[in-house]
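Step one of this worksheet: look at the structure below.
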Amino acid sequence: MNFNLKNLPERTQKPRNYGLTMVMDKGLGLDEVNNFLSVAAPYVDIVKLGFGTAHVTNNLKQKIDIYLSHDIPVYFGGTLFEAFLIRGQFDDYLNTVKEYGLKHVEVSDGSITIPHVEKCGYIEKLAKHVTVLSEVGSKDATHIMPPYKWIELMKAELEAGSTYVIAEAREAGNVGIYRGSGEVREGLVQEILTQIPFEKIIWEAPQKAQQLYFLELLGANVNLGNLAPSEVIPLEAMRVGLRGDTMHLYLGKENNLASTNQ
């Protein structure tokens, strides 16, 4: 922070256990990564190389090394996990993760069908080697799960070894926990929160209105994901009440504020 401003919410400090900002890198070049991190590194907690882009990215190892040199974990998008799995190459996937020095993976079934017991088995196997983030929800907008099912799946995946569960929204923010218009399925979100600790959920929220909803609901230290690199600084400003949308959340309160639910 560059200025002395009172009445800002207390943000968790890196390495954070919650209050995470997960960034989706869909193809930044090496210079772009360096430029991005020169201003945003303090606010980036983890980077996902979106969907299967890692397979077609030139200078992949160098790119990953730049992130790791800033102590920012990197993981391959869940779609790449599914691409290996559907070809019967689970062991190859794990070896690839190790080859590139990654300590995090995403396990998802948004594009292919995996029996849930089997999915939890993969989580359990991978959790012996790396930190697992597992994604719940389908990329198919016509596949709408009732809240009890979301809760059941999230609980099972956390019990299998996931450190966090990711609430699916795609990079556009128009499926899963959102309607096609991008509107939050508020009843679903609030039902999930009755059973799953908010610190354990990363809400994919690429749109500003979606980020604002979760900040108002859960405070400055909510976990948010699928952020475009250009949106990291704007999000951090919004988290701490330095954007018009959230300024009202903190003014007039005691200094050294902690976020809701801390």
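The values are calculated or read from the model by the stated rules, or taken from the named source; none is laboratory data. Just so you know, these numbers come straight off a predicted model, no measurement behind them. Please note: Cβ atoms are built from the backbone with ideal geometry, for glycine as well, and neighbour counts cover all protein chains shown.
Summary table
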| item | result |
| --- | --- |
| Count of residues meeting criterion [polar (S, T, N, Q), over 17 Å from Ala156 (Cα atoms) and touching a residue at least 40 places away in the same chain (Cβ under 8 Å)] in segment 97-136 | 0 |
| Unique match (being assigned to a loop (DSSP other than H, G, I, E, B) and either hydrophobic (A, V, I, L, M, F, W, C) or surrounded by fewer than 18 Cβ atoms within 10 Å (Cβ to Cβ) (or both)) among Met154, Met145 | Met145 |
| Evaluation of Ser138 against (1) within 30 Å of Val189 (Cα to Cα); (2) at pLDDT 95 or above; (3) not in a helix (DSSP H, G or I); (4) not β-branched (Val, Ile, Thr) (one fails), failing number | (2) |
| Ile201 of a type in the set (A, V, I, L, M), crowded, with 20+ Cβ neighbours inside 10 Å and either at pLDDT below 95 or more than 16 Å from the chain's Cα centre (by Cα) (or both) | no |
| Extreme residue, nearest to the chain's Cα centre (by Cα), among residues of segment 76-121 that are closer than 12 Å to Ala54 by Cβ and assigned to a loop (DSSP other than H, G, I, E, B) | Gly77 |
| Test result for Tyr75, surrounded by 20 or more Cβ atoms within 10 Å (Cβ to Cβ), within 17 Å of Gly161 (Cβ to Cβ) and touching a residue at least 12 places away in the same chain (Cβ under 8 Å) | yes |
| Test: residue in segment 208-215 that is part of a loop (DSSP other than H, G, I, E, B) and either at negative phi or surrounded by 14 or more Cβ atoms within 10 Å (Cβ to Cβ) (or both) | no |
| Members of segment 1-38 found to be more than 20 Å from the chain's Cα centre (by Cα), modelled with pLDDT of 95 or more and either among the β-branched types (Val, Ile, Thr) or in a loop (DSSP other than H, G, I, E, B) (or both), listed by number | Gly29 |
| Residue check, Ile64 aliphatic (A, V, I, L, M), surrounded by 14 or more Cβ atoms within 10 Å (Cβ to Cβ) and either over 24 Å from Ile202 (Cα atoms) or touching a Phe, Trp or Tyr at 6+ places or on another chain (Cβ under 8 Å) (or both) | yes |
